[in-house]
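The values are calculated or read from the model by the stated rules, or taken from the named source; none is laboratory data. Everything quoted here is computed from the prediction, not taken from an experiment. Here Cβ is always computed from backbone atoms with ideal geometry, including for glycine, and neighbour counts include all displayed protein chains. Remember, those area values only see protein heavy atoms, side chains included, never the ligands or the DNA or RNA. Shrake-Rupley method; radii C 1.70, N 1.55, O 1.52, S 1.80 Å.
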Amino acid sequence: MELSVPIQLFIDAQQHGYGKKLSLFLFLKLIYRDGKTQLRKEELIWIQNHSKIKSRKTLLRYLDFLIKKGWIRHNAKTGYYILKSFDSIRKEQDWKVRLAFPVDIDSFNSVKAITGAILYGYLHRDFWRKVRRKKSVRLKGSTYHFLSPKFNPQNSPAPLSVLGTSSIFQISPATASRLKDLAQKQQLLKVQKNYGTIVPNKKAMDLCLKYKDSRNNVVYHEGNYRFQIIDTILPLFLFKRRTKLKA
């Protein structure tokens, strides 16, 4: 069993710092497929143990967050707590993007890694769409061509920078880098590190770059100092698609 979770839910959770609460919401959606629960004491004990939440106090705090957000609603007449549907959340937030990420009981607790996969997976998709439209794109001295109608971008890495990802999704460069690393560790992304020309004198080059305000990074690789250039990234997953929201 799996959920098709709107990608904007993960992005919003990252931007506003509620990733752990989202993880609990996904867990509840997975175990209560009919969208309702009474949240009795024995249920809370089971939820805490299986969702890997450390304490009852933390669980209750997360539930309170979801209730205040309106994603869990209490029906006083029946005594049940109702879990809001993803499409209702999309309508409330006016999220038009239909892309979704598949989540199951083995992955609900990997919100950060999934978020990294979504950010870079979305930019990978956008990069090749631009190449297809323009027939070629030049980036940092390299030219990427749309080869033929049979060309499959799903099998082709794209150059995706941490700084660009940071700017587009309004997160810090350190966070963008960390999310990428987590997604790679979960085998959701394949990341190829790339290196440029040899730097003969690292100290002098660092000083030069400092005054040029350059963001190039000099690293030691294969016996020499080299410029580290943009990673090329290939998503190892496929997005799902949710239905189009009705006007």
(request) For each pair in Lys130/Lys246; Lys185/Lys244; Lys96/Lys240; Lys29/Lys190; Lys52/Lys193, compute the distance between the two Cα atoms and list the pairs where it is over 26 Å. (result) Lys130/Lys246; Lys185/Lys244; Lys29/Lys190; Lys52/Lys193
(request) Can you send over the carbon and sulfur percentage of the accessible area for the range 2-108, probe radius 1.4 Å, protein chains only? (result) 49 percent
(message) Could you report the accessible area of Val131 in Å², rounded to 10, computed with a 1.4 Å probe on the protein chains as they sit in the structure?
(response) 0 Å²
(message) Using only the heavy atoms of the protein chains and a 1.4 Å probe, how would Ile233, Ile105, Ile11 rank by accessible area, largest first?
(response) Ile105, Ile11, Ile233
(request) Treat each spin label as a single point 7 Å out from the Cα along the C-beta direction, and report the Ile82 to Asp64 distance in nm. (result) 2.5 nm
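If I stretch the segment between Lys190 and Arg56 completely, what's the gain in nm (0.36 nm per residue apart, minus their alpha carbon distance), one decimal? Spell out each step's value before the answer.
Values: separation 134, 0.36 × 134 = 48.24 nm, distance 3.77 nm.
Taking Lys190 through Arg56 to full extension adds about 44.5 nm, to one decimal.
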(message) Before I look further, what does the range 2-108 give for accessible area per residue, probe 1.4 Å, in whole square angstrom?
(response) 53 Å²
